[in-house]
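Read through the structure below, which is laid out as structure tokens, and then see the notes.
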Amino acid sequence: VIILGIVVYIISYFKKTYSFWEEKNVPFLPPTIPFGNFRKFLFQQTSIGEQILEFYNKLRDSNSPYYGVYLLTKPALLLLDPDVVKEIMVKEFPNFLSRQRQENPNE
């Protein structure tokens, strides 16, 4: 009974975790439990850049300017449209900075 409970908990955890993009109505690549979309990278079959390039080549002809992916259980947004990238990296950059205050211990 305990093992069955643990299995049910693990399955429900991954179902909840991997529903993040669906709940936000963002198109996403279906993940593989427990690796998300980065199985090849995690098994060192490819680099992170090659993995993202593979996603980009697969999705670039889609109608969406972005797609959701999962790195293990962490959701990440893959931007496909250069105009959206420019908007975020230039115009909206201050909104994506870390806002944690950094203290200098030497002062």
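Work out, in µm²/s and without decimals, the Stokes-Einstein translational diffusion coefficient of the chain at 20 °C, 1.002 mPa s, Rh from Kirkwood over C-alpha pairs.
Estimated diffusion coefficient is 131 µm²/s.
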To check my understanding: the extent here is largest minus smallest coordinate of the Cα atoms along each principal axis. What are those three numbers for segment 1-49, in Å, largest first? 43, 30, 10
If you fit an axis through the alpha-carbon atoms of helix 2-17 and take the longest principal axis of the Cα set of the chain, what angle between them do you get, 0 to 90°, nearest 10? 30 degrees
Sorted largest first, extent of segment 35-86 alpha carbons per principal axis (Å): 32, 19, 19
At 222 nm, what helix-only mean residue ellipticity would the chain give, in deg cm²/dmol to the nearest 500, using -39500 (n - 2.57) for each DSSP H run of four or more? -10500 deg cm²/dmol
In degrees, nearest ten, helix 48-59 long axis to first principal axis of the chain (Cα): 90 degrees
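Each reported figure results from applying straightforward, stated rules to the coordinates on display, with no laboratory input. Worth saying up front: this structure is predicted, and the values here are computed from it rather than measured.
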